[in-house]
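Have a look at the structure below, then the notes.
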Amino acid sequence: MLLIPCPYCGERPEIEFTHGGEAHLIRPAPPSSVDDVTWGQFLYMRANSKGAYTERWRHARGCGKFFNAVRDTTTDFFLAVYKSGEPPPALPVQVA
Amino acid sequence: MSRQYFSAFSLFRRALSRHRSWQPQWRKAEPKPQYDAIIIGGGGHGLGAAYYLAKEHGLTNIAVLEKGWIGGGNTGRNTTIIRSNYLFNESAALYDHSVKMWEHLSQVLNYNVMFSQRGVMMLAHTVHDIQVIKRHVHANRCNGIDNEWLEPEEAKDFCPPLNISGNIRYPVLGAALQRRGGTARHDAVAWGYARAADALGVDIIENCEVTGIRRDASGAVAGVDTTRGVIQAKKIGVSAAGHTSVVLKMAGVHLPLESFPLQALVSEPLKPAFPCVVMSNTIHAYISQSDKGELVIGAGTDAYTSYTQRGALHINLHTLDAICELFPAFRRVRMLRNWGGIVDVTPDRSPIIAKTPVPGLYVNCGWGTGGFKATPGSAHLFAWTIANDEPHPINAPFNIERFRDGILIDEAAAAAVAH
């Protein structure tokens, strides 16, 4: 089980959290004027990085807040957590 | 290379010589500088594709490149369940193509894959489950696939350890039974395909990780860089499961895949106690008993994407809670080991067997949590796609463009759960 450092509450066990998928996806607006390729990219394409990966978590059984994290998907260690709306921190180059 | 033929007589004869005259079942091939086609990924799907390319399409100058050892990825990590009771016509055709091939696979390969059609039973625990499962039963029967509805007492007759009392958290309200479903020995599938492909001249190259995909001036594939040198080929098939995103990135191809850990566990070996396969999508558990006697138990995926081949214990505990309620007789059985694999999941939980935008590059991926059952059919159709440079009618709907055009084959919505 992961120990997840919530930026509001500190380290808590994974069962308190829900995973929110990849972070920093921007919804193209307005959807009705977007072509199929762009809309398909937004709906379905994910980086699926091997290495540093930015993702959303929600401390659902805790403070209830969403936040973002950078996790190394080859080790599952968290490299950084930061609040929603903040830019991702500068990190070493991704592994793949 | 002539291979030793397996039969009851050959077993008896070699027993007389104390089993000292058996040969290795495939060569330890060294990579050649050039092949007609390369398959990246030495699991059942990849080895099978090489076998069918050689057997049915006359392409014998082929290599299978495996970064570890063959069958060491998801082929050796799954819970070996085989069934074809999928809702949509496209999926039904695809998975039943595979079940029909399973029925003859041992004879075709001359290798006992221990395919056992012991029946797969899917439980209903809520009114919604009953409606969804009956819809599946009717849809399957329209597609010529056997599936039947059982009342709780009938389910208990078929699977005596099942608890059908009304006082558990999610009581069993009925079940769907596919009698043609069952299990097979996963290692034997990889070994059987490897042995049969090798006999047709296919080079199986282990410990050979692909580190780059080379393209020529026109953009078509020209070969691969590997940890064992450069290998040229005009056709490359990627069958790399959880690492498909990583391999395709080398050619600049991006697919809608996410890689999740999926765990399974086995108990200590027991005497035969469990006659079939039981699955419950609602409470996330599936269980069968291997011929070795272990209860083989599978869970859902972990919540987050990862490449670590391990997951969290609470996922397994959640599954064991369900198993203990459904089968109280197993409450004191000790679990022997657990493990994880990395599965590549598509948004609609249906696979992709298709050409990519790069000429000469083909992909067979997105099998998610249920690829083992499809091994022969998937390999057969992937070989067809590579050989003919166009998809077979069965796998034509499983293309990449469906995510742009919105023509999903949404088994995720149909089952409301990973499967």
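Considering only Cα atoms, the convex hull volume of chain B works out to 142 Å³ per residue. Axis of helix B:186-199 versus longest Cα principal axis of chain B: the two differ by about 20°, to the nearest ten degrees. Could you give the angle, 0 to 90 degrees to the nearest 10, between helix B:44-57's Cα long axis and the longest principal axis of the Cα atoms of chain B? Result, in degrees: 50.
The B:Arg3 and A:Leu91 beta-carbon pair, evaluated with R₀ = 45 Å, returns a calculated FRET efficiency of approximately 0.30. Rank B:Gly366, B:Gly119, B:Gly166 by mean-square fluctuation in a GNM of chain B with C-alpha springs under 10 angstrom and give only the top-ranked residue. Residue with maximal mean-square fluctuation among B:Gly366, B:Gly119, B:Gly166: B:Gly166.
Against the main long axis of the alpha-carbon atoms of chain B, helix B:127-142 sits at an angle near 50°.
Ordering of B:288-294, B:299-305 by packing is B:299-305, B:288-294, highest average first (other Cβ atoms within 10 Å, averaged per residue).
Considering only DSSP beta bridges whose two residues both sit in chain B, what percent are antiparallel, to the nearest 5? Taking every DSSP beta bridge within chain B, about 70 percent pair in antiparallel fashion. With a/c under 1.5 counting as rounded, go ahead and sort region A:21-96 into rounded, prolate or oblate using the C-alpha gyration tensor (a ≥ b ≥ c being the square roots of the eigenvalues; past the cut-off, prolate if a/b is larger than b/c, else oblate). Oblate, because a/c is 1.5 or more while a/b does not exceed b/c.
Ordering B:Asp410, B:Asp348 by the number of other Cβ atoms within 10 Å of each residue's own Cβ, fewest first, gives B:Asp410, B:Asp348.
Over the protein assembly as shown, the fraction of Cα-Cα pairs per 10 Å bin, rounded to whole percents and listed from the shortest bin up, is 4, 18, 28, 27, 17, 5, 1, 0.
Close amide H contacts of A:Ser84 (hydrogens built in the peptide plane, cut-off under 5 Å, sequence separation of 5 or more or a different chain): A:Asn68. Taking the Cα centre of chain A as reference, the dipole from Cβ charges on Lys and Arg (+1) and Asp and Glu (-1) amounts to some 220 debye.
Would you work out which of B:Pro275, A:Leu25, B:Val253 lies farthest towards the positive end of the dipole of the protein assembly as shown? Charges go on Cβ: Lys and Arg +1, Asp and Glu -1. So the residue we want is B:Pro275. Calculated mean residue ellipticity at 222 nm for chain B: -9000 deg cm²/dmol, from DSSP H runs with n ≥ 4 weighted as -39500 (n - 2.57), summed, divided by the residue count and rounded to 500. Averaged over the residues of peptide B:305-317, the number of Cβ atoms from other protein chains lying within 10 Å of each residue's Cβ is 4.
Approximating the spin labels as points 7 Å out from Cα along Cα→Cβ, the B:Asn112-to-B:Glu401 distance works out to 4.8 nm.
Using a cut-off of 28 Å between Cα atoms, the listed pairs B:Lys67/B:Lys373; B:Lys28/B:Lys55; B:Lys67/B:Lys234; A:Lys83/B:Lys67; B:Lys28/B:Lys234; B:Lys156/B:Lys292 include A:Lys83/B:Lys67 as exceeding that distance. So for region B:126-284, what percent of the C-alpha to C-alpha distances run longer than 19 Å? Beyond 19 Å sits 73 percent of the P(r) for region B:126-284. In this rough spin-label picture, where each label sits 7 Å from Cα along the Cβ direction, the A:Phe77-B:Ala220 distance is 4.6 nm. Taking Cα centre as origin and charging only the Cβ of basic (Lys, Arg, +1) and acidic (Asp, Glu, -1) residues, the dipole magnitude of region B:241-393 rounds to 420 debye. Here the protein assembly as shown is assigned +1 on the Cβ of each Lys and Arg and -1 on the Cβ of each Asp and Glu. Its dipole about the Cα centre then comes out at about 1280 debye. What FRET efficiency comes out for the pair B:Leu270/B:Arg337, r = Cβ-Cβ distance, R0 = 22 Å, nearest 0.05? It comes out at approximately 0.90. Here is the list for region B:15-105: chymotrypsin sites (Phe, Trp or Tyr not before Pro) lying in DSSP coil, each with at most 12 other C-beta atoms within 10 angstrom of its C-beta, are B:Trp22, B:Trp69. Over the residues of chain A, the helix contribution to mean residue ellipticity at 222 nm works out to -2500 deg cm²/dmol, using -39500 (n - 2.57) for each DSSP H run of at least 4.
What percent does the relative contact order of chain B come to when contacts are Cα pairs within less than 8 Å and at least six residues apart? Reported relative contact order: 22 percent. The order of B:Leu320, B:Leu270, going from fewest to most other C-beta atoms within 10 Å of their C-beta, is B:Leu270, B:Leu320. Look at A:Phe67, B:Phe330 and count the other Cβ atoms within 10 Å of each Cβ; fewest to most, that gives B:Phe330, A:Phe67.
Any read-out appearing in this document is the output of simple, stated calculations on the displayed coordinates, not a laboratory observation. Remember, it's a predicted structure, so these values are computed and weren't measured experimentally. Using ideal geometry, Cβ is built from the backbone for each residue, glycine included, and neighbour counts are taken over all protein chains shown.
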